[in-house]
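The values are calculated or read from the model by the stated rules, or taken from the named source; none is laboratory data. What you see is a predicted model, and the numbers here were worked out from it, not measured in a lab. With ideal geometry, Cβ positions are generated from the backbone for all residues, glycine too; neighbour counts draw on all protein chains shown. Calculation scope for accessible area: heavy atoms of the full protein, side chains included, ligands and nucleic acids excluded. Shrake-Rupley method; radii C 1.70, N 1.55, O 1.52, S 1.80 Å.
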Amino acid sequence: MGFNLTVNWQSSPAEEGEFCRDHSITFGSGQTIQASSAPDYKGNEHYVNPEESLLAALSSCHMLTFLTIAHLKRLPVLSYVDAATAELGKNEAGKLAITKIVLNPRVIFAEGIEVNQETLEKMHEKAHANCFIANSLATDIHIKF
């Protein structure tokens, strides 16, 4: 199984001695988003940056894995909201990297479905262990529930 996207950057007017960091990303599904670097790195604050994209990939993957586990356990979920955060810092090699990611999932199960804290924690632990993106990252990932 493979995945693809196209990143497209074209020269455009910028301040003297600078370059515009705005670009587009077209995913294999056909969706296109506008992207840039983070504002701290002279990017456009209105566009998605690579750090947010990485955070979104992890949060989305964890959620989809969690929903699969809930489905297999016949625990219907009404809503899942994650206010995830990422921190940029220096890794062990002294290079800038996303050094910490915190997922803050809030899950509401269908009416009449009772899930105790221990079961919820085990479901999140299993989701984390089986998330393709989490398994691809070498950063500190925390899940708060």
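Among the residues of region 10-32, how many are exposed (fewer than 13 other Cβ atoms within 10 Å of the Cβ) and of a type in the set (A, V, I, L, M, F, W, C)?
Of the residues in region 10-32, 3 are exposed (fewer than 13 other Cβ atoms within 10 Å of the Cβ) and of a type in the set (A, V, I, L, M, F, W, C).
State the number of residues belonging to region 67-84 that are under 14 Å from the mean Cα position of the chain (by Cα) and either crowded, with 16+ Cβ neighbours inside 10 Å or modelled with pLDDT under 95 (or both).
2
Would you be able to tell me the number of residues in region 85-136 that are open to solvent by 70 Å² or more (accessible area, probe 1.4 Å), assigned to a loop (DSSP other than H, G, I, E, B) and among the hydrophobic types (A, V, I, L, M, F, W, C)?
Number satisfying all stated conditions: 2.
Looking at F3, is it over 27 Å from N104 (Cα atoms), under 17 Å from the mean Cα position of the chain (by Cα) and open to solvent by 60 Å² or more (accessible area, probe 1.4 Å)?
Criteria met by F3.
Restricting to region 118-143, what's the tally of residues that are in contact (Cβ under 8 Å) with a residue 24 or more places away in the chain and among the polar types (S, T, N, Q)?
Adding up the residues that qualify gives 2.
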